[in-house]
1. Rolling a 1.4 angstrom probe over the protein heavy atoms, how many square angstrom per residue are accessible across the range 120-254?
2. Given H placed on each backbone N at 1.01 Å, which residues far from Trp553 in sequence or on other chains put an amide H within less than 5 Å of it?
3. Tyr53's amide H: which non-local residues (gap 5+, or another chain) put their own amide H closer than 5 Å, with H modeled 1.01 Å from N in plane and none for Pro or chain starts?
4. As I understand it, the dipole of the range 177-276 uses +1 on the Cβ of Lys and Arg and -1 on the Cβ of Asp and Glu, about the Cα centre. Which of Leu242, Ser258, Leu178 lies farthest toward its positive end?
5. For the range 122-129, take each phi angle, set θ = phi - 60°, evaluate the Karplus expression 6.51 cos²θ - 1.76 cosθ + 1.60, and give the result in whole Hz per residue in order, putting x for glycine and proline.
6. Compute, for the range 83-192, the length of the dipole vector about the Cα centre, with Cβ point charges of +1 (Lys, Arg) and -1 (Asp, Glu) only. Units Debye, rounded to 20.
7. Which whole-number percent gives the relative contact order of the range 67-204, counting Cα pairs below 8 Å spaced six or more residues apart?
8. What FRET efficiency do you get for Thr191 and Gln153 if R0 is 22 Å and r is their Cβ-Cβ distance, rounded to the nearest 0.05?
Amino acid sequence: MSWGTELWDQFDNLEKHTHWGIEFVERYTKFVKERSEIEVNYAKQIRNLSKKYQPKKNSKEEEENKYSSCRAFLTTLNELNDYAGQHEVIAENLTSQIISELTRFVQDLKAERKSHFHDGRKAQQHIENSWKQLEMSKRRFERDCKEADRAQQYFEKMDADINVTKADVEKARQQAQLRHQMAEDSKNEYTSCLQKFNQEQNEHYYTLIPHIFQKIQDMEERRIEKVGESMKMFAEIDRQVLPIVGKCLDGMTKSAESVEPKLDSNQVIESYKSGFEPPGDVEFEDYSQPMKRTASENSLSNSRGEGKDKPSGKSKPKLWPFIKKNKSPKQHKELLSHRLNEFMTSKPKMHCFRSLKRGGSGPEDCSHLPPEQRRKKLQAKVDDLNKEIQKEVDQREALTKMKDVYLKNPQMGDPNSVDPRLSEISHNIERLKLEVQKFDAWLAEVEGRLPLRNDQSKRQSGLYDTQNNAPVNNNCAQDRESPDGSYTEEQNSETQIKAPSTEFDDEFDEEDPLPIIGTCKVLYPFEGQNEGTMSVAEGEMLYVIEEDKGDGWTRVRRSEEEEGYVPTSYVEVFLEITKGAMTYI
């Protein structure tokens, strides 16, 4: 069906309809534009979210990537970043393939519509002008006919009147003839105008207007078709990224399926395993037997009663948690006599780090770490050095081949020019090999020291019987377990620990209060949960009654009835002037 034949009289309505059609296209274009903006903002928010939870460099989050769950989460973040990129692609395609196209199409559509309706108005105006001319000729013909009739009636009246002169009658006759001639001329003109109008009207309604309306109809159908194609493209743009989005989602699923709880739990063992043996059984202490008590040269203070020599016999160790009156936790010379020989022949003691609160990177041989962690660090260092050696060897082989080429083809280069680099690489290889030997020796030492059975007895709550070390090739300090459960070191320049005396005080008697030797300010709050320690608050001022002897603990007093040990690193100590001012940080 054609608009030209069916809607020949609906010019104004067609004009309104086509105007609405263009507005609809513009409204749909605005819809797509807002959808594109939503996609851009969504992609931006997704990228920001992914970036926010990405592990920072040199941070704890980066170290956590050794766990499969953390690696899976990192993979999910990366896939989510790619997922955001697909939404950016959607926004870009919506802009280029729909918004830009529809914007240009609407501009062309407006120009074409304006041209078609201009031609339609022009044709409409022409037929209206022809109709006006026809009406004018028709009215003129009607007027001339009426005037001819009046002139004819007047002539007949004058001719019938005997009183009228012959001249008047002749004049009336001539006037009637003139009017008749004018009416005949108007009739001919009207006939001509009518024929012309009918021809133009036929051409207008059957040729010109149908042709213009057909163009408008074609334009409208193209508009509708374009809107349909845009809607289809709107869905197709989403469908185009679905395979990649699916791959992103598959990657997230695969990363989630790669989480291995057993592997992560084993990784915790690898990360925190110290290599120490668990403490053995605590022996029975028989107080009913005679005991020998000797003043230890490292005892905290003289007891109220002077130490007296007693017959040699079974003795007991000093145990943590501390016994009453908050005695010092230093125990390195107070061992059970019947364990001495066992400790003398046991494996060399591994050196633990003092306390992580003190900071520092530790010695090169990693002796500040527990045995298992030390072995892992040393093994990693050996592997890195071997990789560097292999890299240097590859460079040396490449330079050697280059030198051979220069020897065979002197025009390509001077063979002697690579000798300095070869010498430097050889020197680097020798240096790295020496480093590997050094770390291999430390690695062999720590692997030989890792305990295979529980041959030592320790008390988990605090008892730590110091082992007798074999000579070692470093200046690591003697290990000791502190009241808070961490391992600390006692500074000692000796490379070999002497076997402590088998005679010592087996108990502490009541003693006089120790004199105040200075004051201290608490730098950090400390919760003293073990017996013998004392809880302190930040900024608190305390009295110092016994300074740090190298074990990391300072004995302080708050009142006559309240005293105990606090970590030296938690306080700033000011000793009396007579003994010299000293600060522990």
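1. Value for the range 120-254: 68 Å² per residue.
2. For Trp553, the qualifying residues are Thr568.
3. Long-range HN contacts for Tyr53: none found.
4. Ser258
5. 4, 5, 5, 5, 5, 5, 5, 5
6. Dipole size: approximately 320 debye.
7. The value is 29 percent.
8. Values: r = 25 Å, r/R0 = 1.14.
Result of the calculation: an efficiency of 0.30.
The values are calculated or read from the model by the stated rules, or taken from the named source; none is laboratory data. Not measured: the values here are computed from a predicted model. Positions of Cβ are backbone-derived with ideal geometry, glycine not excepted, and every protein chain shown enters the neighbour counts. Ligands, DNA and RNA are excluded from the accessible area calculation, which covers all protein heavy atoms including side chains. Shrake-Rupley method; radii C 1.70, N 1.55, O 1.52, S 1.80 Å.
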